[in-house]
Every structure is written in C-alpha cells, then in structure tokens.
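One structure is given here, and the rest of the page talks about it.
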Amino acid sequence: MKILVLGAAAGGGFPQWNCSCPNCRMAWEGDPRARPLTQSSIAVSVDGTRWALLNASPDLRQQIARLPALQPQTIGGRHSPIATVILTNGDVDHITGLLSMREMQAFTIHCSDRVKLALDKNAVFNVLNAQLVTRRSLPLNDTTDVLDADGASLGFTVTSFVVPGKIALWLEDLTKADFGSIEGDTVGLKITETSTGKSFFYIPGCAALPAEVAARLEGADLVFFDGTTWTDDEMINTGVGAKTASRMGHMWMSGPDGSMAAFDPLGIKRKIFIHINNTNPVLIADSSQRKDAWARGWEISYDGMEVIL
Ligand code: MLT
Ligand code: MN
Ligand code: ZN
C-alpha cells in the first residue's frame, strides 16, 4: 500500500495568504527553515493505478500538478487516477477540493451521513454530476469496502470511527450546545489493505483521546494524527486569533495533556503529525519544538512525503 502526503498544513496552508505570524513571516521571506505547505490531504493506492484521496483540499489542483501518479494516464480523452474521495469531516479545508473535480469525471465519495447531508444541502456541490459522482455513506464504527465508480473494490476497506470533535466551522450554530455538533461530524479513518491486512489510521482532526479511540490505535503500524498546534493557546500567543485549539476541535501536541503524552503508552510503530497549523513551531526546521517532537518519536509530515506500508 502506497501513501502520498499531498498536503501537510492545516486550513490556510503555510504560509497563509493573510498571515504574518512569526512562522509565516519566515516562509514569506523564503527562509529555507520554513518550507511552504499546502492544505492537508493524503492519497492511498493498493494497485498503483487507482487512488483514494483522504480529504480533498482547496489546493488539490496544485497537489495534482506536482504528483504524476495523480495526473491523467491516458493519451487523449479524459482520465483521472483518482477513483474516490473519503472525507473525515465537512471542514472547508477538507471538502472544497471536490469543487475542482467537476468536468464530468466519474468517481465516488465516501463520508459519514452527517457530512453527506452537509454536501447534499449545499447546492454548490451539484457541480459534481450525480450521474457520475456517487456519494456513499460510511456507517459509523463499521468497516466498508472502498469502491470506485464502477463498483469495483480499490483493494482496501475503510473503518470510520467517531472521534471527539465538532461540526465544521461554517456550519456552527452558536445558539446550540457544542455548536450543534453531533456524532459523525468528525471521524477518524482506518484503512486496511484487503490482501495483507496491513492498516493505518488517518485522523487529521481530533479534540481528545478517550479510552475507546486510544484502544483502537494501540499497537498500530502507522498513525497520521492531528498536529494543528503545539500549545492550546498558540493562536492567541502568536497574535493571530482568539480561539484555543480545543475550541477549534483539535488536540495540541505538547505538555502533560497534549497528544504526544496521550500517545506515549500506545506502542504505535510510526507516528506522523499532519494538518499542522501555520502558527505551529514544529514547522520550523531547526526549532526546539521540532527536535522535541522527533525525540518523542513523532515525524512531521511534508508535501510530497511517501510512505510504503
Ligand atoms: C479546522 O481544522 O479547525 C478547520 O479547518 C477550521 C476552518 O474551517 O477554518
Ligand atoms: Mn482544518
Ligand atoms: Zn501564520
């Protein structure tokens, strides 16, 4: 099974168009320690010809441009190796790449009923012709074969499981508890290769690690996990926002209540942070925080990273 990191950054990318935080400033100035990143998404393939996107970033067109495996493989006509898109939630940085996938191309979308409802209710997604683009429901806490537009298996299954989180920012209802979030608004994904049973997890948004999620991850070969911020109050401290990571539905990395501490006892073989916000000091190549994360067994993903499982 081959995994390509199309984008490693959280919403906004790195640098973000309107951001002049210390990290973005370095990136704008071309400092080689601050490598630019597009917004988070990975691609997975078992057969090397048909690919699944896990989330579709607004930077998808740019991501395809740099990865020949995702470009049309035929001479003449229309073709895409992208056979399906599997969504973890309805966040703008995870779904708007779908809008770049119009142009009468057949593929499937796999997502929770909650995310499907959000897509179904938003008429802009009608740019995806329903005759060609099938929206498939992923039952929560269950395993489903991942199918292309012809109904053929891509050679792996997806297990979609509930993780702590919230409804997409653009759907928040401030008059309701938890902003109107309900189960299925954010899920984690386990991808399992059918022929070998090899598996990995993709969890780009997760607000906490309760025992049932920790138990799923225990002993895993590979986990991509929410690397949005280093500290809970990072957006406030860098002067770019008023929200904590927890308010945004994300765990932070450092300290006794951070994700690194929560993962320590789980015996996971390879741990990779993804969906990294532009304010996060781990993005800077020589930062003490990046060294700290490495020392604790975490890799920081980057655009173009390849993992073979
Ligand atoms: C998030 O990860 O919290 C979202 O992408 C927020 C947003 O929509 O900007
Ligand atoms: Mn995001
Ligand atoms: Zn910034």
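Count, please, the residues in segment 176-203 that happen to be open to solvent by 60 Å² or more (accessible area, probe 1.4 Å), in a loop (DSSP other than H, G, I, E, B) and of a type in the set (D, E, K, R).
Summing the residues that are open to solvent by 60 Å² or more (accessible area, probe 1.4 Å), in a loop (DSSP other than H, G, I, E, B) and of a type in the set (D, E, K, R) in segment 176-203 gives 3.
How do the pairs read when you match residues in segment 176-195 that are at pLDDT below 95 with residues anywhere that are surrounded by fewer than 14 Cβ atoms within 10 Å (Cβ to Cβ) and outside any helix (DSSP H, G or I), using Cβ under 8 Å and keeping only pairs 6 or more apart or on different chains?
none
So, in segment 85-108, of the ones that are among the β-branched types (Val, Ile, Thr) and more than 12 Å from the chain's Cα centre (by Cα), which residue ends up least open to solvent (accessible area, probe 1.4 Å)?
Here the answer is 108.
Can you run down the residue pairs with Cβ atoms below 9 Å, 6 or more apart or on separate chains, where the first is in segment 289-309 and on the phi > 0 side of the Ramachandran plot and the partner is among the charged types (D, E, K, R) and open to solvent by 10 Å² or more (accessible area, probe 1.4 Å)?
Listed by first residue and then by second, the contacts come to 297/264; 297/270; 297/271; 304/66.
For residue 206, only one of the following conditions fails: (1) more than 19 Å from residue 112 (Cβ to Cβ); (2) part of a loop (DSSP other than H, G, I, E, B); (3) hydrophobic (A, V, I, L, M, F, W, C). What is its number?
(1) is the only condition that residue 206 fails.
Here are the criteria: (1) touching a residue at least 40 places away in the same chain (Cβ under 8 Å); (2) more than 16 Å from ligand 2 (Cβ to nearest atom); (3) open to solvent by less than 40 Å² (accessible area, probe 1.4 Å); (4) not hydroxyl-bearing (Ser, Thr, Tyr). Tell me which single one residue 50 does not satisfy.
Going through (1) touching a residue at least 40 places away in the same chain (Cβ under 8 Å); (2) more than 16 Å from ligand 2 (Cβ to nearest atom); (3) open to solvent by less than 40 Å² (accessible area, probe 1.4 Å); (4) not hydroxyl-bearing (Ser, Thr, Tyr) one by one, residue 50 breaks only (3).
Determine which single condition residue 259 fails, assuming it passes every other condition in (1) within 16 Å of ligand 2 (Cβ to nearest atom); (2) under 18 Å from residue 13 (Cβ atoms); (3) in contact (Cβ under 8 Å) with a residue 24 or more places away in the chain.
So residue 259 meets the others, but not (2).
In this structure, is residue 165 open to solvent by less than 70 Å² (accessible area, probe 1.4 Å), touching a Phe, Trp or Tyr at 6+ places or on another chain (Cβ under 6 Å) and not β-branched (Val, Ile, Thr)?
no
The values are calculated or read from the model by the stated rules, or taken from the named source; none is laboratory data. Predicted model, so just to flag it, every value in this text is computed and none were measured. All Cβ positions, glycine included, derive from the backbone under ideal geometry; neighbour counts span all protein chains shown. Heads up: the accessible areas ignore ligands, DNA and RNA and are worked out on the full protein's heavy atoms, side chains in. Shrake-Rupley method; radii C 1.70, N 1.55, O 1.52, S 1.80 Å.
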